[in-house]
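Structure first, commentary second.
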Amino acid sequence: MSLSPDELKELARFVLRTRPDEIGCDDWLGYAPSYAELVAALQPIQEPLQQAAEHLDTCPECAEEFRALLAALKDDGAGS
Ligand SMILES: [Zn+2]
């Protein structure tokens, strides 16, 4: 397969825009349980969970998922 100059330019723009340490939704799901536990316990977020926090800023879908996860965690802890 060969790319035209225009396609190469497009590809370069895409690569430059994406930071190498950015995680995807699949990676985020892997971090989500530990990250939610730390947030629910008001613990400091450390690497690599910082990346999970950053992903939530850029991905509304995972942010929504995270809210649900956090709510479930809090319900769980509040049982009397
Ligand atoms: Zn996501």
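Key figures
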read-out	value
No Cys partner within the rule (Cβ under 4.7 Å), the chain	25
For the range 23-78, alpha-carbon Rg relative to the globular expectation (2.2 N^0.38 Å, N residues)	1.04
Sequence-separation-based contact order of the chain, relative, with Cα cut under 8 Å and 6+ spacing, percent	31
Rounded tilt (10° steps) of 5-17 against the dominant C-alpha axis of the chain	30
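FYI, it's all coordinate maths here, none of it is from the lab. Computed from a predicted structure; not experimentally measured. Positions of Cβ are generated from backbone atoms using ideal geometry, with glycine treated the same way; all protein chains shown enter the neighbour counts.
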